[in-house]
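Since the structure comes first, as structure tokens, the remarks are kept for the end.
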Amino acid sequence: MTGYKSAFRPGLFEDQTIIVTGGGSGIGRCVAHELSSLGAHVVLVGRKQEKLDSVLAEIEEDGGSASAYSGDIREEARVIEIIEAVLSENGQINGLVNNAGGQYRAALNTIKTKGFEAVMRSNVVGGFIMMREVYNRYMEKDGGAIVNVIADMWNGWPMYGHSGAARAAMWNLTETAAAEWGHAGVRVNAVAPRTIASSGLDTYDAQDNAWFQRDLRKEVPLQRWGNESEASAAITYLLSPASAFTSGSVIRVDGAAPNGARAWVEPEVARNNKPFEAFHRAVTPKILGGV
């Protein structure tokens, strides 16, 4: 069998238009493939047109439907232009996957104010602008589903204080929007991944290699990295009709990491733990031994 091996039924999102920010790589690229394989027209949004065009070509080669718009979601005017263009071309925006964002590894006392603000704008302000404009320009009248991709920031996030603060803010924004927009039939949820083996790992400095290649046995009860398709499946569920009464919620895709952080006993070696590998174009990050 070739193509994306989704756990969801074929045609689930037929005749729907779904925006995926950060769609040029990592989890965004994967979820774009899954949604298109299920019949959606996927709108890829990201800063680099070249990366978006590469994913667009992949989707079309696989028989899916997609379009791409480059732009910085932190720039309000550009976000409005993109959303108006999508509505002009497709007439609807049924779903939004707020996936764009990023961070770098640094001790809290070394993070410059400019760097802190940049991460906050990427992970909160840009996501907020996307949510607000999609709601005001389409979903307030016609309903829809929004999924915000945050992170495992529970109990603090040492070495990622800027991103932890941003993701916590995005989680509160998710809960708030779910409360304010529920009357319009708009569901707003979040997915919180941890230790996902995606291309984003290869954007870190070489000095961080040893940290990424560390033994996860005492840190993650499932004792392995997650993969992009495991995160994508959670996002896809929250966009689907099966989650019609789910809003203001978060799905953790983290191998139970927050629950194992205070383990008082030596963990046994993990067993019966097979990853869900659905993405036919997945590539192992170089930092984890890929080529």
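Mind checking the full-extension length gain between Val283 and Thr110? Use 0.36 nm per residue of separation minus the Cα-Cα distance, one decimal, nm.
On the way: separation 173, 0.36 × 173 = 62.28 nm, distance 3.28 nm.
Extending this stretch completely gives an extra 59.0 nm.
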Check your understanding: Taking the simple approach of a point 7 Å from Cα along Cα-to-Cβ for both Glu89 and Phe276, what is their distance in nm?
Key -> 3.0
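Which of the peptides 143-149, 126-132, 32-38, 64-70 is most tightly packed, and how do the rest follow, going by the mean number of other Cβ atoms within 10 Å of each residue?
Values: 143-149: 24.9, 126-132: 21.1, 32-38: 27.6, 64-70: 19.4.
The most tightly packed comes first, giving 32-38, 143-149, 126-132, 64-70.
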Review point. To the nearest 10 degrees, how steeply does helix 161-181 sit against the main Cα axis of the chain, on a 0 to 90 scale?
Key: 40
Exercise for review: Pick out which of Arg187, Arg281, Arg47 has the largest mean-square fluctuation in a Gaussian network model of the chain, springs linking Cα atoms closer than 10 Å.
Suggested key: Arg281
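Sort the range 53-160 into rounded, prolate or oblate with this rule: let a ≥ b ≥ c be the square roots of the eigenvalues of the Cα gyration tensor; rounded if a/c is under 1.5, and if a/c is not under 1.5, prolate when a/b is larger than b/c, oblate otherwise.
Values: a/c = 2.12, a/b = 1.71, b/c = 1.24.
The shape class here is prolate.
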Check your understanding: Taking H as built 1.01 Å from N, whose amide H comes closer than 5 Å to the amide H of Val191, not counting residues under 5 places away?
Key -> Asn148, Val149, Ile150, Ile251
Point to revise | Computed [θ] at 222 nm, helices only, for the chain once each DSSP H run of length n ≥ 4 contributes -39500 (n - 2.57) | key: -10000 deg cm²/dmol
Point to revise | Cα point-scatterer Debye curve for the range 23-82, base-10 log of I(q)/I(0) at q = 0.28, 0.29 Å⁻¹ | key: -1.10, -1.15
Practice item. Counting other Cβ atoms within 10 Å, keep those with at most 11, restrict to DSSP loop, and tell me which GluC sites (Glu not before Pro) in the range 57-92 are left. Key: none
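Roughly how compact is the chain, stated as its Cα Rg over 2.2 N^0.38 Å to two decimals?
On the way: Rg = 18.4 Å, N = 291, 2.2 N^0.38 = 19.0 Å.
Output field value: 0.97.
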Check your understanding: Which listed residue (Val119, Phe276, Met159) has the Cα farthest towards the positive end of the charge dipole for the chain, taking +1 on Lys and Arg C-beta and -1 on Asp and Glu C-beta about the Cα centre?
Key -> Met159
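Of Leu173, Leu87, how do they rank once you tally other Cβ atoms within 10 Å and put the fewest first?
Numbers: Leu173 19, Leu87 15.
Going from sparsest to densest Cβ surroundings: Leu87, Leu173.
Rounding to the nearest 20 debye, state how big the charge dipole of the chain is about its Cα centre with +1 on each Lys and Arg Cβ and -1 on each Asp and Glu Cβ.
Working: 28 positive and 33 negative charges, 183 e Å.
Dipole magnitude for the chain comes out near 880 debye.
Specify whether the C-alpha gyration tensor of the range 98-166 places it in the rounded, prolate or oblate class, a ≥ b ≥ c being the square roots of the eigenvalues: rounded for a/c under 1.5, otherwise prolate if a/b is larger than b/c and oblate if not. Mind dumping the intermediate values first?
Numbers: a/c = 4.06, a/b = 2.27, b/c = 1.79.
Judged from the Cα gyration tensor, the range 98-166 comes out prolate (a/c at least 1.5, a/b above b/c).
According to the square roots a ≥ b ≥ c of the eigenvalues of the Cα gyration tensor, what is the shape class of the range 219-269, taking rounded for a/c under 1.5, prolate for a/b larger than b/c otherwise, and oblate for the remainder? It would help to have the intermediate numbers written out before the result.
Values: a/c = 4.18, a/b = 2.13, b/c = 1.96.
Judged from the Cα gyration tensor, the range 219-269 comes out prolate (a/c at least 1.5, a/b above b/c).
Each reported figure results from applying straightforward, stated rules to the coordinates on display, with no laboratory input. From a predicted model like this one, the values you see are computed outputs, not experimental measurements. All Cβ positions, even for glycine, are placed from backbone atoms using ideal geometry, and neighbour counts span all protein chains on display.
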